[in-house]
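The next block holds one structure in the form of structure tokens; read it before the comments.
The values are calculated or read from the model by the stated rules, or taken from the named source; none is laboratory data. For clarity, every value in this text was computed on a predicted model and none was experimentally measured. Neighbour counts run over all protein chains shown; Cβ positions are idealised from the backbone, glycine included. Surface areas here come from the heavy atoms of the whole protein model, side chains and all, with no ligands, DNA or RNA. Shrake-Rupley method; radii C 1.70, N 1.55, O 1.52, S 1.80 Å.
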Amino acid sequence: MIDRATVDKIMEATNIVDVVGEFVSLRKAGVNYKGLCPFHEDKTPSFMVSPARQICKCFACGEGGNAVNFLMKHEQITYPEALRWLAKKYNIEIKERELTDDEKREQSERESMFVVNEWACQYFHEILKNDVDGMAIGKQYFRSRGIRDDIIEKFQLGFALTRRDAMVNEARRKGYKDEYLVKTGLAIQGEKGVYDRFAGRAMFPWLNVSGKVVAFGGRKLDAATKGVQQKYVNSPDSEIYHKERELYGIYQAKKAIVKEDCVYMVEGYTDVIAMHQCGLENVVANSGTALSNHQIRLLHRFTPNIVLLYDGDEAGIHAAMRGTDMLLAEGMNIKVLLLPDGDDPDSFSRKHSADEFKTYIEQHQTDFIQFKTNLLLKGVSDPQKRSEAVSNILKSVSVIPDKLKRETYLSDCAHRFGVNEQALVSTVNTYIQRDREEKEKERQRGEERGTNRGDEDGTRQEELIVPIGLHTAQEQTSEVERLLVQNIIRHGDEVIYEGLETADGQFINLNVAQYIDYDLGGDDLHFSNPLFDRILQEAVERSALPGFKADQYFMQHPDPAISQLAANLGIDRHQLSRSFQVRSSAQSLRQRIEHLILDFRMDIVSQHLKDLQRQMKEIGNDLSRMEELKLVIADFQKTQELRNALARQRGSDVIV
């Protein structure tokens, strides 16, 4: 367990802009920051971060909260794990007891796999640095590629011993189960037992965007030939690793990508490493696979600008071509650079300094229109082939979501091709319409598949997006209760009554939280949601402390259920910035609270009347229950009188 004092220390040290900035490219927007939401397919920045209030919120999907909430949701980790993440970032010591064997076994399968991968990464790295074979074979290979020791450390490069059971036996000795060695892909279950997948290979750990080891790539080496490459083996897909969702080098590159507002996309591990070594750090690799939408959206969170940097052979050209339309459809700005024949980014970077490499990129990169034009139209004189090439380029233009950008490209194409611009516009519109029709057909097919699966009402079954923190906090909760708690969070510390006389003749000042508690407490009334009651009580208790600000306290609350709820109830688009907030006058705020309390009481009374009516209907003409019926009728009449009195206070009449 982490004690409250340490939690408070962590929260005080945390800067939410720094935390969110680890995963999302943020741009200054007045006093706040904004970026693409990491929790849904966001194409226009709707994710706002407030440094003043230390909270974030997406105004499209509703996700939000403080830094702990953000980490829990984004990294799919627990509350204590999120605190440990922050403590590590801000160098805050956490003293915790050692987990027992039983508690270790109770760790989730996902966390266990991360733990095993982290151990394996350290194991392979230590073999490379300290084992005789690791230094003679593995390190020799990296030396032959010109990779420095600091880069080896930066990427945690390693070596797997050639014995097929070396890693498995060491893992067992450390207490790790074969089950997780197999599930992570570190080992293979064969007929004769479990054996190492990566034996005799140089090891390249894959780190996800938050720095967790999710997989490995292993390059086979031959000791007899002192490190001649043979082939790669990669971790298989697992619970924690899906190749189409990850990019090699993203963890090491993300800060540089934001700083440079650009990312270089290369093909392989050594391309990434070599470019880092020459000083170009905003680089990632998709490792030879086709780019996926997941990878593109991951990059788009950090920058909209990408340079496809491949060697100039046929494979490099194919790699550059196959991801272009997907990148354009996601709103990315694409440049393409094919290196001279015989060079890939690895070999080219070793021949040039970082400045020379940057200069070469700036002078030789072309936008995708120029690249496709050079590729498809160079030397083409046949009208049919030329028409097909132009159509191919226009199809790429048609997927661009930004209308202004499409029109700019079309104007450029008309000039390049010597074709009437209106004809190009007509062709692009045809492609756009076809794409819409195809998507509509796919949607209809999806609905039909939903019906065929046995949906009772024949409609498509979808999982609704519900803002975090509201699943439990708003179930069975009236709108009036929600508004009362919203005011406690926003204005709980603001005094609305001065010199209020109590039953015993004393005069007191009451803020919003104290008045709500004072009024409801007189009749022992409670919210239907226990979390709402807890918020009210904490606001009342904290009101006695100097400097208490309700909104800040609840937004940064250590309990994620409360801070998430506070983020959703306590802010709206215009209230992220204090400069846009208008603090209510005590009188208007008091009137609003009084009216809400009357509404709350009216809700309770109305519900009680419904319950009494139901009881009277159940009793009916049962002569044995006549005495009970008289009591219910008497209660009903008194409750009606109370309802009418409340209605008069609210300024309305009730017709009975």
Can you compute the charge dipole magnitude of the chain about its Cα centre, using +1 on each Lys and Arg Cβ and -1 on each Asp and Glu Cβ, nothing else charged? Give it in debye, rounded to the nearest 20. 1940 debye
Which ³J(HN,Hα) values in Hz, rounded to whole numbers, follow from the phi angles of the stretch 255-266 under the Karplus curve 6.51 cos²θ - 1.76 cosθ + 1.60, where θ = phi - 60° and Gly and Pro get x? 5, 5, 4, 5, 4, 8, 6, 6, 10, 9, 9, 10
So for the stretch 155-274, taking the charge dipole from beta-carbon charges (+1 Lys/Arg, -1 Asp/Glu), which of Gly249, Leu221, Ala171 sits furthest toward the positive end? Ala171
At 222 nm, what helix-only mean residue ellipticity would the chain give, in deg cm²/dmol to the nearest 500, using -39500 (n - 2.57) for each DSSP H run of four or more? -16000 deg cm²/dmol
Probe radius 1.4 Å, ligands and nucleic acids left out: which of Met135, Met626, Met602 has the largest accessible area, and how do the rest follow? Met135, Met626, Met602
For the stretch 627-632, 3J(HN,Hα) per residue [Karplus equation, 6.51 cos²θ - 1.76 cosθ + 1.60, θ = phi - 60°, Hz, x = Gly/Pro]: 4, 5, 5, 4, 5, 5
Evaluated at q = 0.13, 0.16, 0.23 Å⁻¹: base-10 log I(q)/I(0), Debye formula over Cα of the stretch 275-357: -0.42, -0.64, -1.20
How big is the accessible area of Ile317 in square angstrom, nearest 10, if you roll a 1.4 angstrom probe over the protein chains? 50 Å²
Using only Cα atoms, find the angle between the long axis of helix 479-491 and the longest principal axis of the chain, and express it within 0 to 90 degrees, rounded to the nearest 10. 70 degrees
Can you list which of the trypsin sites (Lys or Arg not before Pro) found in the stretch 117-180 are DSSP loop residues with at most 13 other C-beta atoms within 10 Å? Arg148, Lys174, Lys177
Among Ala136, His352, Phe70, the residue whose Cα sits farthest towards the positive end of the charge dipole of the chain (+1 at Cβ of Lys and Arg, -1 at Cβ of Asp and Glu, taken about the Cα centre) is His352
Heavy-atom accessible area of Leu71 with all protein chains present, probe 1.4 Å, nearest 10 Å²? 0 Å²
Mean separation of Cα contacts under 8 Å (6+ apart) over length of the chain, as relative contact order %: 11 percent
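Using heavy-atom solvent-accessible surface (probe 1.4 Å) with all chains present, what is the largest-first order of Phe59, Phe357?
Phe59, Phe357
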Rounded if a/c under 1.5, otherwise prolate or oblate - the chain, Cα gyration tensor axes: prolate
Which one, Val419, Ile432, Tyr409, projects farthest toward the positive side of the charge dipole computed for the stretch 398-446 from Cβ point charges (K/R +1, D/E -1)? Ile432
In whole percent, how big is the carbon plus sulfur part of the accessible area of the stretch 249-294, probe 1.4 Å, protein atoms only? 44 percent
With a 1.4 Å probe and all protein chains in place, put Trp85, Trp206, Trp119 in order of accessible area, largest first. Trp85, Trp119, Trp206
Counting only residues 5 or more places away or on other chains, whose amide H sits under 5 Å from the amide H of Asn305 once H atoms are built in the peptide plane? Val263, Asn333
Cα axis of helix 4-13 to longest principal axis of the chain: angle in degrees, 0 to 90, nearest 10? 60 degrees
